[in-house]
Amino acid sequence: FAIHCEDFILTYILLRSLLFNEVTMAVFFNKQIAEVFNSENISELARIAELGLIIYFAGSVFASFNAIFSSYFAAIEKPLPSQIITLLKGLILIIPFVYLFSYILNMPGVWISYVVTEAIVFIIAISIYSVFRKRTKARMMQEAQNIDNGEENNPEQTNEQADMEEAELISESDACTN
């Protein structure tokens with residue numbers, strides 16, 4: 001039951017994040033948002049800002065999911081996946097992508113680098129989560145079988161096993177994305 005409830009809650013949060021995202025604001029109100037920062041009414045600046053808002057806020061869909069996954073792993077005391085997600089999006093991927101895409105596409109490349117970074121991190125986060133869920137379900141099934149057989153679970157062994165599984169989880173998710 002706990003797995004199904006947890007899956008439902010995570011799915012609900014992800015869908016709610018998607019539906020009530022900044023993308024809606026950027027698509028429908030990009031002109032009004034750009035005007036706030038363009039008090040001198042420079043038409044070229046307005047055009048660049050309107051395009052930039054749409055591109056940039058498209059990445060916020062992925063960024064929302066990435067924040068949820070990072071928080072989820074931190075909440076269930078799995079700091080390594082949480083840190084990997086945070087470091088990939090905030091440092092490891094974004095910096096080279098900003099240089100690369102701005103060189104190729106000029107100013108729109110800066111905004112596109114954010115979207116690409118968040119999308120790649122989202123794929124990695126989904127991979128980590130998928131492997132984690134499979135392992136959690138397998139471990140719960142094994143524990144249930146042990147209880148049915150009258151065997152007791154050793155909490156220390158379970159924690160050590162969980163730590164080892166977490167390290168394996170990261171290496172497996174890296175293999176999924178390569």
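The values are calculated or read from the model by the stated rules, or taken from the named source; none is laboratory data. It should be emphasised that the depicted structure is a prediction, and the values quoted were computed from it without experimental measurement. Heads up, the Cβs are rebuilt from the backbone with ideal geometry, glycines too, and the neighbour counts pull from every protein chain shown. For the accessible areas, the whole protein counts, side chains as well, though only heavy atoms, and no ligand, DNA or RNA atoms are used. Shrake-Rupley method; radii C 1.70, N 1.55, O 1.52, S 1.80 Å.
Numerical summary
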{"item": "Those residues of region 76-109 which are open to solvent by 30 Å² or more (accessible area, probe 1.4 Å), more than 16 Å from ALA63 (Cα to Cα) and either touching a residue at least 40 places away in the same chain (Cβ under 8 Å) or of a type in the set (D, E, K, R) (or both), in sequence order", "result": "GLU77, LEU80, MET107, PRO108"}
{"item": "Qualifying positions in region 59-75 - among the hydrophobic types (A, V, I, L, M, F, W, C), out of contact with any Asp or Glu (no Cβ under 7 Å at 6 or more places or on another chain) and open to solvent by less than 40 Å² (accessible area, probe 1.4 Å)", "result": "VAL61, PHE65, ILE68, PHE69, PHE73"}
